[in-house]
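The values are calculated or read from the model by the stated rules, or taken from the named source; none is laboratory data. For clarity, every value in this text was computed on a predicted model and none was experimentally measured. Heads up, the Cβs are rebuilt from the backbone with ideal geometry, glycines too, and the neighbour counts pull from every protein chain shown.
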Amino acid sequence: MKIKFLTLLAVAAVAFMAACGKSDADLAKAVNDKLAADKVTGITAAVTGGVATLTGEVTDITVKNKAEASAKAVEGIKSVTNNVTVKAPPPPPPSPDKMIEGTVNEAIKKLGITGVTVTVTDGVVTLSGEVTGRENLAKVMQAANEAKPKKVENKLTVK
């Protein structure tokens, strides 16, 4: 009788283990492998109770959505918690016009000359406003030309 009971108990234990399916560690490995196979980078998965939790940082919402779809496709995953953050892309570099304008404004500021407005459009510097004396006009023109614009248009008045 004891042998039958132990045999029945062993069979029940094996059946129970088979019914439980994959462990959380196996599921986590399967999800991470699926993410790698789908070329989803920057995201990792952890699994608890069959629920996959995705973490990481990406620059595109489509990558976040692809990661979630990949995790849901793994057999044994009950649901997915997507904690992946989408970071904003870096700002575009300043336009060449803004760089030239900043360079000219800084040079004029270092000269201690006020009353000059600098605008740049398509690489052409336009100087407007008032300067005191021809020597300051020459300094402003030199500062503008040192920024290497396509052209400098002088609309300054000398007082």
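Numerical summary
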quantity	calculated
Members of the stretch 127-149 found to be assigned to a strand (DSSP E or B) and of a type in the set (A, V, I, L, M, F, W, C), listed by number	L127, V131
The lone exception for N82 - which of (1) modelled with pLDDT under 95; (2) assigned by TED's automatic domain parsing to the domain that holds A52 it fails	(1)
Residue count, the stretch 83-126 (criterion: part of a strand (DSSP E or B) and buried (at least 19 other Cβ atoms within 10 Å of the Cβ))	4
Top-ranked residue in the stretch 98-117 [being over 14 Å from E146 (Cα atoms) and not basic (K, R); ranked as nearest to the chain's Cα centre (by Cα)]	T117
Residue in the stretch 55-82 that is surrounded by the most Cβ atoms within 10 Å (Cβ to Cβ), counting only those that are of a type in the set (A, V, I, L, M, F, W, C) and under 18 Å from the mean Cα position of the chain (by Cα)	A67
All positions within the stretch 23-43 that are of a type in the set (G, A, S) and out of contact with any strand residue (DSSP E or B) (no Cβ under 6 Å at 6 or more places or on another chain)	S23, A25, A30, A36, A37
